Structure formats: structure tokens, C-alpha cells
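Working notes, beginning with the structure itself.
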Amino acid sequence: MLLASYDLWAFVSANWEELLEALGNTLKVSAFGVAGAFAIGVVLGAARAHRIPVLSQLTAVYVEVVRNTPILVQIFMIFYALPQFGILLNQFTVAWLSVMIWGGAFNSENFRAGFQAVSYRYREAGYALGFGRFSTFLNVTLPIGGRIALPSSINTYISVVKNTSLMYVIGYSELTTTALNISNQSLETLEALTVLAVVYLALVWTLSVSIRLLEARLALPESR
Amino acid sequence: MPDWVEPVARYILQEGLPGTLRVSAAAVVGSALIGILFGTLMTIRFLPLQALIRLYVEVFRGLPILVTVFIAFFGLPSVSTRLEFDPLTAASIALVLWGSAQVAEATRGAVQSIPREQHEAASALGFGWGGRHSFVILPQALRRLLPPFVSLLVNIIQNSTLAGVIGGLEILEAGERQSERLTAIPPSGIGEIHAAEVFGGVAVLFFLISFPLTRLAAVLEKRLV
């Protein structure tokens, strides 16, 4: 029936400009989200691992709240509830902010585990060399613990990229929203879904393969 | 408490919660059955079968779940009209595809972690492949699968909110409908915006369901591994 009219090439050639721009938006939101999740992860992960008072407890609450509520609810809170308090954000800001908050929570757990896995002896050696607490963290704990946290944090980044598809619910014109909007008008549903599946799988698979390569390069010398 | 709260809460709990539970229950059972089967089959040294299941796992773990939901809800009916499902069923199907991929990967690891001697002992007792796996290997592997299963349950419950995106009535969709209704003029609404309270309540509800389960997963992880 409808399968007879399946024409992927026609769909792509008619809409490639719009789809490419949408992919650009997906990548932009992903980049902001990943960068933010990295920064949040390092800072709050360190606060947790080193039991910095107040910040450590606040981080624990933040992590539990984000982990135990659906990300869609978080997006709705930022998009529909914040305006009630006079905070009006545009769709792009809501998009990167919500994946950043989500990724940051998971990432601070990743980094906490990584930093805690750094043997106390290494830090002691840092102190013995005259480094202060902060420079010991920068020069000893971060390079070693960061590498230990790498595999799990990269999985979080991949999830951040996948979660950008949820911006469909706020109508931000990233890949999923755009492909579905086009298919709503032209009824080329299967073509649109094919494009979505191919592009997301290409993104995710490329990321996970390059990660395995990076992981091998960055692996701690002793575990090689 | 203001007057508008009671009908909103009742709608979310009476109309939304059953939808969430229905999708979650179907998705967990389906994911477990298919995932354990595929994961066990993956340990057989037969390349075409391994490659096929590997492809299934990588595809459904790689796709954003929302895209899988759209494939189940919009894509399947365009292939055949017999594959037309209501939103809650379509979401359950998508979650089974995703969840079974997760379970298959975990099961493969768990089955392979059972020592060789267990296989050999079972074979010596006269068990064939099926009997060996269902009576000797899987019961031991299931123990190791318990913590990831609880985490999967939490993930499935949270991702059941995706059913709302295609119009299925679950907790979040119920909250969305109510928060929209409140903004309407009387008599249907009250002409006020209460999105923060409604979605905050939805968040609290999910937290109350998920938090004990994530704690349980952490405890099981420590005890069983």
C-alpha cells in the first residue's frame, strides 16, 4: 500500500536544507549540553568526593532529584513552570539548559566515583611536594580520576545527545521536530523516520566508536 | 488548600497513574522475557545469530527512545494497517524494544560470568542446551541480573512519560491536560496558571515512586555482587 510510494531519495533531496539546519541545531544543543555537563560534573563531583560542606549535600539532593524524576517532567518544569516566576526562556535556552542539568547530575556521580577511586597515596605525594589542596586536585586527582571517570561520563554525553530529541515537546526545531513536521505536511512518515533513525544511529555509533579509541589512548599507563 | 487542587490531583491519580502503571508493567515483563531470551541466545557461538542480535541491541540502544516511540506509533501503521496501536500500547512496544536490548546485553554478561564447570556439570547430568540453561545457568545468572533489573524498572517508569508525547494518558499527560484546563475561563477552568504546582506535583509523584527503587537497586548491588 503506502510502502509502494516509499521514496527516501525524493524526501531527502526535497528537504535536505531544512534537515541539515535541524541537524545543526541538534549538534548545537548537544555541544552546549555536553560542555555544561562536563563542567558541572567536574566541580560537583569534586565537591562530593572531597566532602566539601554544604555544596556536597546540595549536590546529593540535586543528583537524587534529577535521577528520580523523568527528564520530560524537568523539561516541562523549565518550559511551563518557570514563566510563572517571571523567568521566560526561549526554546533554544530551555533545550540546552535541560539536557545540561540532566547530564550534569549523572556526570557528577561519574566524576565523584572517578575522583574517589584515586588512591590517597597519590594525593599524599602531591601534598608532600608542597602542593596545596586545590593544586593537588588540579595536578593529581583530576588527571587520574578524570580518566577513570571517562567511560561512564562518555555514556552520559551520548545520552545527552539522544535526549535532545525530547525538545520535540517544546517545539524547538532540532532534528526530530523538523523531520516530523515535514512528514506531517507531506505524509512521508516512513521516510522521515528513516532519516531520523539513520542520523541518530550514525551520531551515536560514531561517538561510541571514537570513544573506545580515545579510551585506549587515555587509559592510565598501569592499566594498559 | 485551594479548591482547584483536589480535582487535579484526583485526575492525575485516577486517570494518569493507571496509564503509567499499565505501560510500565507491560514494558518490564516484555523486556525481561525478550531480553533474557536474546541475551542467552547471544552466548551461542553461531555467528549469524550473534550478529543479528547484536544489531538489534545496538539499534535499539542507540536510537533515542522517542524516535522508537514514533516508529511504533506512526511508522508501523504506514507499513500495515493491522499494526495500528493506541498510544499506550505503541509506547509499551517501543519501551520493550529498548528495554529488551538493555536486558539482552546484561543477560549475556551474566550468563558468561557463570563458570564453565556449571555447564559441564549440568551436561554430565544429562541436560540438553535448553534444560541446562533454564534449570542451571539462568537461575544463577538471574541473581546477578537483579540490580540492573531494578534500575531498568526505574528507567521504564520514567520513560513511560513518552507515551504522553503521542497522546497516551499517563501521569505527565494527565498533569499537562489539567494545567491547561486550569488556564481556561470558568466553568471548565479557573483562568489561572498553576503549571509550577501541577508539574511540581507530578515530579514529586515520580520521585516517590522512583526513589525507593533506586535505593533498593543500590542495596542489591552491594549485597549480590
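I'd like to know if segment A:60-78 contains one or more residues that are within 30 Å of B:Ala174 (Cβ to Cβ), of a type in the set (D, E, K, R), assigned to a helix (DSSP H, G or I) and out of contact with any Lys or Arg (no Cβ under 7 Å at 6 or more places or on another chain). Yes, segment A:60-78 contains a residue that is within 30 Å of B:Ala174 (Cβ to Cβ), of a type in the set (D, E, K, R), assigned to a helix (DSSP H, G or I) and out of contact with any Lys or Arg (no Cβ under 7 Å at 6 or more places or on another chain). Please verify whether segment A:130-147 includes one or more residues that are under 19 Å from A:Ser208 (Cβ atoms), of a type outside the set (Phe, Trp, Tyr), out of contact with any Asp or Glu (no Cβ under 7 Å at 6 or more places or on another chain) and surrounded by 22 or more Cβ atoms within 10 Å (Cβ to Cβ). So far as segment A:130-147 goes, no, none of its residues is under 19 Å from A:Ser208 (Cβ atoms), of a type outside the set (Phe, Trp, Tyr), out of contact with any Asp or Glu (no Cβ under 7 Å at 6 or more places or on another chain) and surrounded by 22 or more Cβ atoms within 10 Å (Cβ to Cβ). Of everything listed in (1) crowded, with 21+ Cβ neighbours inside 10 Å; (2) within 12 Å of chain A (Cβ to nearest Cβ), the single unmet condition for B:Glu180 is (1).
Residue pairs whose Cβ atoms lie under 6 Å apart, separated by 6 or more positions or on different chains, with the first residue in segment A:154-178 and of a type in the set (Phe, Trp, Tyr) and the second assigned to a helix (DSSP H, G or I), are A:Tyr157/A:Val34; A:Tyr168/A:Thr176; A:Tyr168/A:Thr177; A:Tyr172/A:Gln91; A:Tyr172/A:Ala95. The condition (being more than 29 Å from B:Val219 (Cα to Cα) and away from chain A (no Cβ under 14 Å)) is satisfied by just one residue among B:Ser123, B:Ser113, B:Ser78: B:Ser123. Residues of segment A:6-59 that are among the hydrophobic types (A, V, I, L, M, F, W, C) and in a loop (DSSP other than H, G, I, E, B): A:Ile52, A:Val54. Of the numbered criteria (1) farther than 30 Å from A:Val118 by Cα; (2) in a helix (DSSP H, G or I); (3) more than 8 Å from every other protein chain (Cβ to nearest Cβ), the one A:Leu213 fails is (1). Looking for something within 12 Å of chain A (Cβ to nearest Cβ), under 11 Å from A:Val73 (Cα atoms), acidic (Asp, Glu) and in contact with a helix residue (DSSP H, G or I) (Cβ under 7 Å, 6 or more places away or on another chain) - is there at least one such residue anywhere in segment B:190-209? Within segment B:190-209, not a single residue is within 12 Å of chain A (Cβ to nearest Cβ), under 11 Å from A:Val73 (Cα atoms), acidic (Asp, Glu) and in contact with a helix residue (DSSP H, G or I) (Cβ under 7 Å, 6 or more places away or on another chain). Counting residues in segment B:111-128 that are touching a helix residue (DSSP H, G or I) at 6+ places or on another chain (Cβ under 6 Å) and in contact (Cβ under 8 Å) with a residue 60 or more places away in the chain gives one or more.
Restricting segment B:157-169 to residues that are closer than 17 Å to B:Val96 by Cα and more than 10 Å from chain A (Cβ to nearest Cβ) leaves a set whose member that is surrounded by the fewest Cβ atoms within 10 Å (Cβ to Cβ) is B:Ile166.
Can you confirm whether segment B:26-46 contains a residue that is closer than 23 Å to B:Gly164 by Cβ, β-branched (Val, Ile, Thr) and either buried (at least 20 other Cβ atoms within 10 Å of the Cβ) or at pLDDT 95 or above (or both)? Taking every residue of segment B:26-46 in turn, at least one turns out to be closer than 23 Å to B:Gly164 by Cβ, β-branched (Val, Ile, Thr) and either buried (at least 20 other Cβ atoms within 10 Å of the Cβ) or at pLDDT 95 or above (or both). Of the helices (runs of 4 or more DSSP H) lying entirely inside segment A:103-208, those carrying at least 1 residues that are away from chain B (no Cβ under 14 Å) and aliphatic (A, V, I, L, M) are A:120-128, A:142-163. For segment A:43-81, the candidate set comprises residues that are touching a Leu at 6+ places or on another chain (Cβ under 7 Å) and over 23 Å from B:Leu162 (Cα atoms); within that set, the residue that is farthest from the other protein chains (Cβ to nearest Cβ) is A:Ala47.
Restricting attention to segment B:182-217, the residues that are in contact (Cβ under 8 Å) with a residue 60 or more places away in the chain and more than 16 Å from B:Glu6 (Cα to Cα) add up to 4. Exactly one residue out of B:Phe70, B:Phe60, B:Phe38 is at the interface with chain A (Cβ under 8 Å from one of its Cβ atoms), of a type outside the set (D, E, K, R) and in contact (Cβ under 8 Å) with a residue 40 or more places away in the chain, and it is B:Phe70. Residues in segment A:1-26 that are within 14 Å of another protein chain (Cβ to nearest Cβ) and surrounded by 14 or more Cβ atoms within 10 Å (Cβ to Cβ): 7 in all.
The values are calculated or read from the model by the stated rules, or taken from the named source; none is laboratory data. Keep in mind that this is a model prediction, so the values were computed, not measured. Methodologically, a virtual Cβ is constructed for each residue, glycine included, from the backbone with ideal geometry; neighbour enumeration extends over all protein chains shown.
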